[in-house]
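Structure record follows, encoded as structure tokens.
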Amino acid sequence: MGKKTKKPGKGKEKTERKTAKAEEKRARREGKKFSPEDDIDAILLSIQKEEAKKKEVHVEENVPAPSPRSNCTLNINPLKDTELILYGGEFYNGKKTFVYGDLFRFDVEKHEWKLISSPNSPPPRSAHQAVAWKNYLYIFGGEFTSPNQERFHHYKDFWILDLKTNQWEQVNLKGCPSPRSGHRMVLYKHKIIVFGGFYDTLREVRYFNDLYVFDLDNYKWQEIKPRPGAMWPSTRSGFQFFLYQDEIFLYGGYSKEISSDKNNSEKGIVHSDMWSLDPRTWDWNKVKKTGMAPGPRAGSSVCVHKKRAMLFGGVVDIEVEGDVLVSLFLNELYGFQLDNHRWYPLELRKEKSTKDKLRNSGKKANDEALDDVPDQWESEITMHKKYDNLDILDETVDMESYIENVSQQMSTNIAFDDCGSAASSSKNPTLISKEAFKDSFFPEIVKPSGRINCCITVGKDILYVYGGMMEVKDREITLDDMYSLNISKLDEWKCIIPASEPEWIEACEDEEEDEDEGDEDEDESEDEGNSAYESEDTNDGFDNEGNGAASIQIGDAVGVIKGEGKTLRRKEKRLRIEQIRANLGLSDSQRTPMPGESLKDFYKRTNMYWQMAAHEHTQHTGKELRKDGFDLAVVRYQELKPILDELAILEAEQKAQEEQGIEISSKKMSGKKGKN
């Protein structure tokens, strides 16, 4: 989660220092005064010499999983639909950037990686594109970044990998697109279609909206230029580009434009428009978004399965308290029906009762705990089975009665005592252990964390999500985990490869870090009461960089919010609140209960969302669809209820602390006035 603070009382010094530093960096670039680490020409020449030493293809079997990376490509092997092909990518550890040119093959059945080393391989790159056709993998473009990010090299080379022999071949042909990265590429019959992207010229960044076609039969490039008066998408990179039959869809993307202020500063634009391209006539048309489309976001990923495109991830910047920008990294999954152009959320289907799952897994201790509390929560499961077997939904009043009954069961109060036990509010309270309660009623949620620039692909009805990047506080965490989801069942995410421990090197004696510390000192000096109050709570800061890369679990999230075992400052509490909100998708009001909202009111407010999500699972209509939608809402409500309760408590405590801090400050100020 990134945080950017705008302080109006800073004066000109900080701005001037940053401007001077940027100018110095730009002058260093333009004057080619680089350290050896940033001499891209020398780096690429050295890599080329090493490649020349390779004489034959070498395949290493059963190697460790690839290192963390984002902006790589992941393709299904057209010769073997149980094998994934991973190429390239980049990694940033807070100090240096590493760009990869390695080629991996992953057997999804055996869970084994192969590392392929071949003569005449492409130089390392990220933000390139790759498509597979017959027994070949085609790669175009991308970028190479120097370790200190002082220089960028954009490629316009075109490579072909023979998947049978693992041999690379570079194809140099006239008329190819200019150097770029962040473009998108799709395969249509025997043609590769390339659109958009960007190019960093050191002085500025140029974005493209040009369209190129490569004929795989004739091995020729062709630029498709817009006819006068024709509709055409604006310049952009990082958009979604996918094909269905004789229609190519373009959605979203990112670009920058020069603002009209005095400084002519650049302003980022997150696009949310949608277009379709007819590859037979090369005509563009705008697509009206129907259904429940995702909100504007950057860095999401897309793939196609049968008649449905699936969009995952992305980031949204939200302004908090008027002066702080919080980056919310999303893990939502949306579907786009390709035949009728309709968007809808893809929610997991309702699972079996927790009690059944626990018994099947042989957790006897938790079974005994559950047997002691049959009335409060298990009655809801019984009620669901009862209504599944009876046709009582013929009239609206029956549905409302059903919701009312389940909502009343959900409103049963359960509190933990000092010994870590949970007590119900019934006449005969029953105590269960905290761990049994957490494991039984709020099981672990296995799902990918929010991220950008990850890889997603589909093979044999299985969706795979790999890698990407997310932010935790001010750290960029590059991921190496892999998740799968059965698209036909939509029952549960499975973690194939867990995330490794993130690597991050803090910049020591950095000018910006000193400035940030100065900002905090300035803030504290502005409000003596607040600083006095914070000094009472001062403790060692928390380190949650590992938590950011892991899957979110309900029990863990509650513990994080509570700050178990640690005393938190107000700023740390605020960051924890925002991180939990981001990771669990709490910013989406259609999927999140409001504070104090009952299950009945939650479903009444969001029923259209849940019915649309349920329709994609069951294709039911009428009373059956309403009940299916309600079942999904119940699952989401149960999932978030303990977290929302803890967030409400923490936010109330934070508000009380702030009010107390203001009161202390007011008393001190009045005391000073009395003395003077």
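Since every read-out is calculated from the coordinates, none of them should be taken as a lab result. Here the structure is a predicted model, which is why all the values come from computation and not from measurement. Because the Cβ atoms are built from the backbone with ideal geometry, glycine has one as well, and the counts that use them run over all protein chains shown.
Numbers for the structure displayed
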| read-out | value |
| --- | --- |
| Under 21 Å, Cα to Cα: Lys pairs in the range 35-126, sequence gap 8 or more or different chains | 4 |
| The range 134-280 - charge dipole about Cα centre, Lys and Arg +1 at Cβ, Asp and Glu -1, debye rounded to 20 | 180 debye |
| Fully extended contour minus Cα-Cα distance, from L173 to K54, at 0.36 nm per residue | 40.3 nm |
| Segment E639-E506, extension gain: residue separation times 0.36 nm, minus the distance between their alpha carbons | 44.3 nm |
| Nearest-0.05 FRET efficiency for Q222 and N135, computed from C-beta distance (R0 22 Å) | 0.35 |
| Gain in span if fully extended, E257 to E492, counting 0.36 nm per residue against the direct Cα distance | 80.5 nm |
| Cβ charges +1 (Lys, Arg) and -1 (Asp, Glu), total dipole of the range 108-170, debye | 80 debye |
| Karplus (6.51, -1.76, 1.60) ³J(HN,Hα), θ = phi - 60°, over the range 115-130, in Hz, Gly and Pro reported as x | 10, 9, 10, 10, x, 6, 7, x, x, x, 6, 9, 6, 8, 9, 9 |
| Gap separating the Cα centres of the range 96-122 and the range 164-237, nearest whole Å | 25 Å |
| Distance between modelled label sites at A656 and D601, nm, 7 Å Cα→Cβ extension | 2.2 nm |
| Ordering of 491-503, 239-251 by packing [mean C-beta count within 10 Å, highest first] | 239-251, 491-503 |
